[in-house]
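The values are calculated or read from the model by the stated rules, or taken from the named source; none is laboratory data. What you are looking at is a predicted structure, and each value in this text was computed from that prediction instead of being measured. Reconstructed Cβ throughout: ideal geometry from the backbone, glycine too, with neighbour counts over all protein chains shown.
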Amino acid sequence: MNKALKLALLAVAITSSSLAQAESVKIAFLGGFTGPLESLTPPIHAGAMLAIEQVNAQGALIELLKGDSTCADATAASNVADRMVNSKNVVAMVGPMCSGATIAAANNATIPAGVVMISPSATSPALTELKDNDLVFRTAPSDAYQGVMMAEMLKRKGINEIAITYVNNDYGKGFAEALAGAYEAVGGTVAANEAHEDGKADYRAEVGSLASTGAETLVVLAYADGSGQTIIRQAMESGDFLKFVGGDGMVGDKLIAALGGDIDMIATKPGSPGLVGKALFVEAALAAGMDPDAVFSAQAYDAAFILALAIEKAGSTDRAAIAKEVRSVASAPGEIILPGEFAKAAAAIKAGRDINYQGASGDHEFDAAGDVPGVIVEMAVVGGQFVEVGILD
C-alpha cells in the first residue's frame, strides 16, 4: 500500500505542471556579483532563487543559471548575456541589475534573440524609451518616479538646498535629472548637479567643488560599494558635508559599517509595504534564512516568479511564446495568484482560467513600456543600519 501511495503521489506531482513533462527549462540571473554593487547582489540573487525553489517544489523544472554583469562594464554585461542566450540557450532572464548593463545586454543579446528579460532593479528612465520589441520589463519603478518622491521628501523635511553628485552612467544621469527637475518644481534650489566617474580612489576635488556652492546637504546617486562610499567617506573626513541623501543604489548596511556607523543619512528605495504578497514573501524568506527587507530582493523574487508563470502559461520553451505571456500572467482580470502559489496557478492555467499574479513587491500591472508604478519608501540610518521610515506619497 505504501508503494502504491508513493506512486500515486508522484503521478500527481508530475501532472501538476506541464513543465515537468519535459527537460529542465533554463533561465538566467545576471547581477553585479563583482563591482560597485557586489554587497547588494547576493540577497537579490537569493530572492530569485527562492522563487525558483518554490516553483520547482510544486511541479516545475526550471534551472536558474547565474552570470556576472558587473554593473560597471557594459561589454561584460553584453558578453555574459550573449553567452546565456546563444550558448546556454536560456529562454528568459532575470536582470541585469544595473540600468547600463540592462540596456547593453538587451541591445546586444536578448532583443536580437527574442529573449524576454525582467530586471528587478534597473531604474533608469532611459529603459522606458528603449526600442525593445516588448521584451524588456522591470519590477522596480523608474527613477523618473523615485526622483519626484525624493524631491518631495526633502522639501517636507525643510531641506531647501542640495548639491547632487551622480555616477556618470544611465542610472546616475537619469536619477539626477529626475530629482533636479522635481526638486526645483517644488521650490528647492539645486546648487550643483555634477557627474563623477566610478572607480576612482580620490574624489576630494569633486567634493570640494560641490562644497564650494555652500549647500549643506549632499545627494549621492551612486553605488554603495563603489564611488558613493568613497565620496561620503572623503566628504566626512574633510568636514565639507555632514548630511547625506542616497538613492536605492546606496541602501546597504555594509556601506554604513564601512563608514563607521555614525552618519546622518536618509535615502529612498522601492518598497512593498502593506501587500498581502509581501507578508507571504517575508515568511518564506525568513524560513530560508534570508533578509526579506534587502533592497530589490522582493523585486527579484517577483521577476523570477512571473517568468516561471509565463513559461507555464506558454506551455513550451518557445521564447516568443514565453515573452507574450509575461503581461497576461500579471494583469487583471484573472484568478489572484500570490507568492508561493505556483501549483494553484498551474491548475488554473490547465483549466483554461486567466491568472493575475500579485507579488511580493507589487501587483505588476506592466504598462506599454514594461514599467510598473511601484511604491517608494523613505529609509534612515538609525543605530548603524538602514531602517524603513515610511511610504512616500
Point to revise | Unmet criterion (only one of (1) surrounded by 24 or more Cβ atoms within 10 Å (Cβ to Cβ); (2) at positive phi) for residue 35 | key: (1)
Exercise for review: Mind listing just one residue for me: the one in the stretch 213-235 that is hydroxyl-bearing (Ser, Thr, Tyr) and either in contact with a Gly (Cβ under 8 Å, 6 or more places away or on another chain) or not in a helix (DSSP H, G or I) (or both) and, of those, surrounded by the most Cβ atoms within 10 Å (Cβ to Cβ)?
Suggested key: 223
Check your understanding: Which one of these is over 23 Å from residue 76 (Cα atoms), more than 17 Å from the chain's Cα centre (by Cα) and among the small types (Gly, Ala, Ser): 211, 113, 201, 195?
Key -> 211
Revision key, fill the gap. Within the stretch 321-349, residues of a type in the set (Asp, Glu) and surrounded by fewer than 19 Cβ atoms within 10 Å (Cβ to Cβ) come out as 335
Practice item. Could you grab me the full set of residues in the stretch 329-374 that are of a type in the set (Phe, Trp, Tyr) and in a loop (DSSP other than H, G, I, E, B)? Key: 366
Check your understanding: Taking residue 199 and the conditions (1) buried (at least 18 other Cβ atoms within 10 Å of the Cβ); (2) farther than 25 Å from residue 145 by Cα; (3) in contact (Cβ under 8 Å) with a residue 60 or more places away in the chain, which numbered condition does it fall short on, given that it satisfies the others?
Key -> (1)
Review point. Hey, does the stretch 287-306 have a residue that's more than 23 Å from residue 39 (Cβ to Cβ), crowded, with 24+ Cβ neighbours inside 10 Å, at pLDDT 95 or above and out of contact with any Leu (no Cβ under 8 Å at 6 or more places or on another chain)?
Key: yes
Point to revise | Residue check, residue 180 at pLDDT 95 or above and crowded, with 23+ Cβ neighbours inside 10 Å | key: no
Check your understanding: Would a scan of the stretch 170-187 turn up a residue that is over 18 Å from the mean Cα position of the chain (by Cα) and assigned by TED's automatic domain parsing to the domain that holds residue 85?
Key -> no
Review point. Among (1) more than 23 Å from residue 50 (Cα to Cα); (2) modelled with pLDDT under 95; (3) not assigned by TED's automatic domain parsing to the domain that holds residue 114, where does residue 332 come up short?
Key: (3)
Revision key, fill the gap. Sole miss for residue 316 among (1) touching a helix residue (DSSP H, G or I) at 6+ places or on another chain (Cβ under 6 Å); (2) hydroxyl-bearing (Ser, Thr, Tyr); (3) over 16 Å from residue 117 (Cα atoms); (4) in the same structural domain as residue 53 (by TED's automatic domain parsing) is condition (1)
Review point. What is the one condition in (1) crowded, with 19+ Cβ neighbours inside 10 Å; (2) out of contact with any Gly (no Cβ under 6 Å at 6 or more places or on another chain); (3) at pLDDT below 95 that residue 27 does not satisfy?
Key: (3)
Review point. For the stretch 78-94, what are the residues that are touching a strand residue (DSSP E or B) at 6+ places or on another chain (Cβ under 8 Å) and not in a helix (DSSP H, G or I)?
Key: 88, 89, 90, 91, 92, 93, 94
Practice item. Could you please find all residues in the stretch 284-306 being part of a loop (DSSP other than H, G, I, E, B), at negative phi, of a type outside the set (D, E, K, R) and in contact (Cβ under 8 Å) with a residue 40 or more places away in the chain? Key: 288, 290, 294, 295
Study note, to complete from the structure: For residue 243, the lone unmet condition from (1) surrounded by 24 or more Cβ atoms within 10 Å (Cβ to Cβ); (2) closer than 23 Å to residue 146 by Cβ is (1)
Revision key, fill the gap. Counting only residues in the stretch 149-172 that are surrounded by fewer than 23 Cβ atoms within 10 Å (Cβ to Cβ) and acidic (Asp, Glu), the one farthest from residue 241 (Cα to Cα) is identified as 152
Point to revise | Near pairs, Cβ below 9 angstrom, 6+ apart or cross-chain, from the stretch 59-70 (over 30 Å from residue 350 (Cα atoms) and assigned by TED's automatic domain parsing to the domain that holds residue 343) to any residue that is crowded, with 18+ Cβ neighbours inside 10 Å and among the acidic types (Asp, Glu) | key: 70/38
